[in-house]
Structures are given as C-alpha cells and as structure tokens.
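One structure below.
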Amino acid sequence: MGAAFIYDAIRTPRGRAKADGGLHDLTPHELLRCLYRSLEQRTWINPALIGEVILGCVTQHGEQAGNIAKTSTLYAGWPGSIGGLTVNRFCSSGIDAISIAALKIAAGQERAVVAGGVEMMSRVPMLADQAAVFIDPAFAAQCQMLMMGSGADLIASLYGVTREQADAIALQSQQRAERARSEGYFTSIIPVKNPVKGITVTEDECIRANTSPESLAALPAAFAGLGAAGVDALQLAGHPGLTGISHIHTAGNSPAMADAAALVLLGNEALGQELGISPRARVVDAATASDDPLQVLSGCVAATRKLMERQGLSAAEVDLFELHEAFAATVVKCRQDLDIPEDKLNVNGGVIALGHPMGATGAIMAGTLLDELERRGQHRGIVAASGAAGAGSALLIERL
C-alpha cells in the first residue's frame, strides 16, 4: 500500500440555516462550484487528473438528491470522466468521504481524489427525506433509532452531567469560536458571493458572541417532550441502572444547523511533483465504529478509541483533537473516556458555536484541524465525528 497525502483543504463559511442566512439563496450545486473553482486556482490542478469526487451528504433529497457528488462536477463544468460517490454515515459522512478517498489513493486506484461534503439545511431541512426510521415511532423504536438530542440526554444521565456543566461547555465553545474568528484562524474559508442578496459571505455566521451564562440558563429543555412520549422509557429499559433521564440539553448547548460545503484534495506523492506543490499532511489511519444506539452520539468516542489503540497512541502523544461537539454532554464523554486535556480538544470551538452542516461537518473539521496544526507548528491530530445510531468515524493525520 502507498501513502495518501492531503494537498489542500478548503471550505465555505458556515451560513445560518435560515432564509436570511448568507448562503441560503445558493443551491448546493452552486455552493460546490465555488469550491471546485477555488481548488483549481489554489493548486493549479487540471480537473482531468481527478479520478473521483466523494462527498458526504445526509439528507439526499430534492436539490441534494441524485448523487450530488457526480452531478455537481458536471454542473461545475468538470470532465465527465470524473466519477462521483455520495456517502451517508449520518453526521460523520464527511470524514468517511476522506477515508474512502485515502484508501483509493493508497491502493493505487487513483492518483487524485477530491473528498468532502455538503449540506444546505436552510434549503433541504433535516428529515426532509421523511425516513421512516425517524418519523414512524413504532418502527423507530424497533430499529432503536432515536433523535440525537435524546441520545445526548441519555449520555448526560449516564455521566452525571448537570445543566450548569453543559451550559459552561457551550459558553466555552462560543468564546473559543469567536476568538478564532476575530483572530483569523479559520484560514481555509473561501469567500462566497451571493448575488441574490448582493453580499459576499466571508465568515461563519452561527457564532453567538453575546452568549452568557444567564442567556443559556434561560433556555428550556429541548427534548423532554420526546422523553415523555416514550423515549425515556425505552432508554431506561436499555439501561436498568438508571432511575431517570436528565433533560439538560437546550437550543443553546446543542449544535446549530448550518449551510456549508467543504473539499479536500488527496493524492499520491507523484501528484505533488506533477503540480509543483508540497503536500500539507499525510493520512495515517482511519477507523469506524458503532456503539450503543440508544446513546446515539457515542460513536465518536468509540471510533477515536479504536484508532488510538490500533496506533498505540495515548492522548499525550496527539497534539490536537477535533471531535464532534454533538451536544454538550458528548464533550464530557470525550474528555473522560479518552483522557483528553481541555487545552487539546476543539481549541477553536465546535459545532455548538460554529454550526453543524451535517454532511460537510467532518470535512470542515479536518480542514480546521490541519489549519491549527500548521498555525501552532504541531504534528499529529485526530478528527472524529458521531453519526446517528451510535455510528462514528475517526481520522489520524500527520502534518508534513
């Protein structure tokens, strides 16, 4: 097996997933076209060299249906010879897209692959595809498919996370994200023109810089109603040691919905020589795992642990972790189960503050991790995300 290298990682800003959001007026294909063109300009790559585009996308419905990885390249005017694969492992899809691309490169199947993800949640809302496992309660219970917030409340109950702790994690995420935005740390962002609104979006829009402990404390529990409707009983039956479910998650300590896309150019060593550029990082290893489906969001920890154990790594030997901030209680689980110091985990905030464009999040996080490793002059990082049903994916990269 050969090596797979990352030559570039770019993304759009995260736009608010609302009609007044800066990216809302663009279709997913238009958003991706902006990144395809930027990738050409930044790396001087001839698109004909690219064997495949692999994109994560969770809600493959309407404008995002019909294998957007393939159709978006045609829309952008790239050669028809480029293959396209759209993947869905829920919210870890963007990481899986990169992992599949790296495998193809390492196996010698392709010399250049573009991986990433897209999700326009203001135009194609979550659950717009009406999947029965989410909207049919009886079928969902049989499949153990619960909404993400319910899983987060179960994790909080298992780990004794209080509302005050959850709100403190949310506040820290907002503060770190606002500092990173103001200091210009998010260097992988590509400005996006919105001709409908007559604006150019240059920064992440979901950060709430005026968040305070008081504003967070005033928000009501978001998932208590689902619990009373039968979810609590299902979770307690699966965890007989618990006496109740603590509904601590609110709109303030949960991920913000967002619009965004991200691309990562991966290739073999010869690609860099052909383009006259040096790779930024090497993909060392990747792992997927599935954990307790009733916890929904615990797969991030399971995949990261699997990856670290296989590589023989402790948290002390990893410079930075970019782990999916899928509700505040999962941050506690990451810290405790993996023994990650606070100053190594999501140092520029997470999706609670920055926004969570589901299929694109993993690829965005990978670029954020690489940017920060470069800024600090550090070497090794892990990016991981949780999906629904306990799924999770993780990626180990080393900066060159």
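The values are calculated or read from the model by the stated rules, or taken from the named source; none is laboratory data. Treat the numbers as computed from the prediction; the structure is a model and nothing was measured. Cβ atoms come from the backbone with ideal geometry, glycine included; neighbour counts cover every protein chain shown.
Data for the structure
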| item | result |
| --- | --- |
| Only one of Pro220, Pro191 that is free of Cβ contacts under 8 Å to residues at least 40 places away in the same chain and either within 30 Å of Arg42 (Cα to Cα) or loosely packed, with under 13 Cβ neighbours inside 10 Å (or both) | Pro220 |
| Filter pass, Gly312 being more than 19 Å from Arg399 (Cβ to Cβ), among the small types (Gly, Ala, Ser) and surrounded by fewer than 17 Cβ atoms within 10 Å (Cβ to Cβ) | yes |
| Of all residues in region 125-134 being more than 13 Å from Leu226 (Cβ to Cβ) and assigned to a helix (DSSP H, G or I), the one that is farthest from the chain's Cα centre (by Cα) | Ala132 |
| Number of positions in region 117-136 that are of a type in the set (Asp, Glu) and either free of Cβ contacts under 8 Å to residues at least 24 places away in the same chain or more than 22 Å from Asp8 (Cα to Cα) (or both) | 2 |
| Pick from region 149-174, criterion crowded, with 16+ Cβ neighbours inside 10 Å and of a type in the set (D, E, K, R), ranking: nearest to Pro293 (Cα to Cα) | Asp153 |
| Contacts under 9 angstrom Cβ, first residue in region 159-171 being at positive phi, partner part of a loop (DSSP other than H, G, I, E, B), 6 or more apart | Gly160/Ser246 |
| Test result for Glu342, of a type in the set (D, E, K, R) and under 13 Å from the mean Cα position of the chain (by Cα) | no |
| Lone qualifier among Arg282, Arg305 - being touching a residue at least 24 places away in the same chain (Cβ under 8 Å), surrounded by fewer than 18 Cβ atoms within 10 Å (Cβ to Cβ) and charged (D, E, K, R) | Arg282 |
| Residue in region 137-148 that is touching a residue at least 60 places away in the same chain (Cβ under 8 Å), assigned to a helix (DSSP H, G or I) and surrounded by 18 or more Cβ atoms within 10 Å (Cβ to Cβ) present | yes |
| So Leu236, is it free of Cβ contacts under 8 Å to residues at least 24 places away in the same chain and either surrounded by 13 or more Cβ atoms within 10 Å (Cβ to Cβ) or assigned to a loop (DSSP other than H, G, I, E, B) (or both) | yes |
| Region 73-116, subset hydroxyl-bearing (Ser, Thr, Tyr) and either free of Cβ contacts under 8 Å to residues at least 60 places away in the same chain or not in a helix (DSSP H, G or I) (or both), residue surrounded by the fewest Cβ atoms within 10 Å (Cβ to Cβ) | Ser81 |
| Subset tally (residues that are in a helix (DSSP H, G or I), surrounded by fewer than 18 Cβ atoms within 10 Å (Cβ to Cβ) and touching a residue at least 60 places away in the same chain (Cβ under 8 Å)) for region 39-72 | 3 |
| Residue check, Arg176 at negative phi, of a type outside the set (Ser, Thr, Tyr), assigned to a helix (DSSP H, G or I) and at pLDDT 95 or above | yes |
| Options Leu323, Leu354, Leu369; residue that is surrounded by 19 or more Cβ atoms within 10 Å (Cβ to Cβ) and out of contact with any Leu (no Cβ under 9 Å at 6 or more places or on another chain) | Leu354 |
| Candidates Ala138, Ala224, filtered to the one that is more than 14 Å from Phe327 (Cβ to Cβ), at pLDDT below 95 and among the aliphatic types (A, V, I, L, M) | Ala138 |
| Any chance Ser157 is assigned to a helix (DSSP H, G or I), of a type outside the set (A, V, I, L, M, F, W, C) and more than 22 Å from the chain's Cα centre (by Cα) | yes |
| Failed item, numbered, when Ala229 is tested on (1) surrounded by 15 or more Cβ atoms within 10 Å (Cβ to Cβ); (2) out of contact with any Pro (no Cβ under 6 Å at 6 or more places or on another chain) | (1) |
| Region 290-338 - residue that is over 17 Å from Gly160 (Cβ atoms) and among the hydroxyl-bearing types (Ser, Thr, Tyr) and, of those, nearest to the chain's Cα centre (by Cα) | Thr304 |
| Unique match (being among the acidic types (Asp, Glu), free of Cβ contacts under 8 Å to residues at least 24 places away in the same chain and either part of a helix (DSSP H, G or I) or closer than 26 Å to Gly198 by Cα (or both)) among Asp25, Asp20 | Asp20 |
